[in-house]
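As structure tokens, the structure follows; a few thoughts come after it.
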Amino acid sequence: DQQVKQNSPSLSVQEGRISILNCDYTNSMFDYFLWYKKYPAEGPTFLISISSIKDKNEDGRFTVFLNKSAKHLSLHIVPSQPGDSAVYFCAASGTTSGTYKYIFGTGTRLKVLA
Amino acid sequence: DAGVIQSPRHEVTEMGQEVTLRCKPISGHNSLFWYRQTMMRGLELLIYFNNNVPIDDSGMPEDRFSAKMPNASFSTLKIQPSEPRDSAVYFCASSLRVSGTEAFFGQGTRLTVV
């Protein structure tokens, strides 16, 4: 059973526009959420995270929004750049329950068109 | 620190052979994770260790898969016997077992079983 879901396998966005990547989770024990970026032939690299006590976290062009009642988070990239083209994975962890493992979604392939 | 180091980067083996993947976590990290990346399941958690002890191996697909962590600086994932459906990219990651921290990934091992 997929506890973290990314329902859009791919997304294409024009350079300079906003990219919005979505993620849903089912386990209410998750309290820490992360986004990773992955280029071909490389390991995933950490991008941005958010704790469940917040509803927004911003880092430069990247903002993550968390809606706990809907069990939904999103990653906004503004403005999108061709170098942002990669696979983005959403992940969740349940630290307060003592479970520090990271559960990942299936990923969304973002293509930013020049 | 050099980051999480995995070896080999690529492995091609014949069906029925034993395969051993290796991982050196970041020094000082006390949690280690093995993931498998597939199109259908994304980054699938196979097993994770805390302080060298296996905590959750519920993601290990079959008894053909086994993992060990004999010390804090080394872990192996073994598949015996290997099958073509085991072909995937296998990632190792490590983290501090502290709330609000991320996992760091290695470059992965691309396994092809023919």
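The values are calculated or read from the model by the stated rules, or taken from the named source; none is laboratory data. Keep in mind the model is a prediction, meaning the values are calculated, not measured. With ideal geometry, Cβ positions are generated from the backbone for all residues, glycine too; neighbour counts draw on all protein chains shown. SASA here: full protein model, heavy atoms, side chains in, ligands and nucleic acids out. Shrake-Rupley method; radii C 1.70, N 1.55, O 1.52, S 1.80 Å.
The table below lists the values:
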read-out: Residue match in segment B:17-37 (condition: exposed (fewer than 12 other Cβ atoms within 10 Å of the Cβ) and either within 26 Å of A:GLY107 (Cα to Cα) or of a type in the set (Phe, Trp, Tyr) (or both)); value: no
read-out: Flag for B:SER66 being assigned to a strand (DSSP E or B), of a type in the set (Gly, Ala, Ser) and more than 14 Å from chain A (Cβ to nearest Cβ); value: yes
read-out: Filter result for B:VAL4 (at pLDDT 95 or above, among the aliphatic types (A, V, I, L, M) and surrounded by fewer than 18 Cβ atoms within 10 Å (Cβ to Cβ)); value: no
read-out: Condition check for B:PRO81: over 28 Å from A:LYS37 (Cβ atoms), modelled with pLDDT of 95 or more and in a loop (DSSP other than H, G, I, E, B); value: yes
read-out: Qualifying residue in segment A:33-48 (condition: modelled with pLDDT under 95 and either more than 11 Å from chain B (Cβ to nearest Cβ) or not in a loop (DSSP other than H, G, I, E, B) (or both)); value: no
read-out: Total residues in segment B:89-114, condition within 19 Å of B:VAL4 (Cα to Cα) and open to solvent by less than 50 Å² (accessible area, probe 1.4 Å); value: 15
read-out: Matching residues, segment A:64-87, being over 17 Å from A:TYR32 (Cβ atoms) and in a strand (DSSP E or B); value: A:HIS76, A:ILE77, A:ALA86, A:VAL87
read-out: Residue pairs meeting the criteria (Cβ under 6 Å; at least 6 apart or on separate chains; first more than 7 Å from chain A (Cβ to nearest Cβ), in segment B:32-43; second among the polar types (S, T, N, Q) and in a strand (DSSP E or B)); value: B:LEU32/B:SER75; B:LEU32/B:SER94
read-out: Residue in segment B:44-58 that is crowded, with 17+ Cβ neighbours inside 10 Å, touching a Ser or Thr at 6+ places or on another chain (Cβ under 9 Å) and in a loop (DSSP other than H, G, I, E, B) present; value: no
read-out: Selection count where residues are basic (Lys, Arg) and away from chain A (no Cβ under 11 Å), scope segment B:70-97; value: 2
read-out: Flag for B:ILE26 being under 17 Å from A:TYR36 (Cβ atoms), β-branched (Val, Ile, Thr) and either over 15 Å from the mean Cα position of the chain (by Cα) or more than 11 Å from every other protein chain (Cβ to nearest Cβ) (or both); value: yes
read-out: Residue check for A:THR106: at the interface with chain B (Cβ under 10 Å from one of its Cβ atoms) and within 18 Å of A:SER8 (Cα to Cα); value: yes
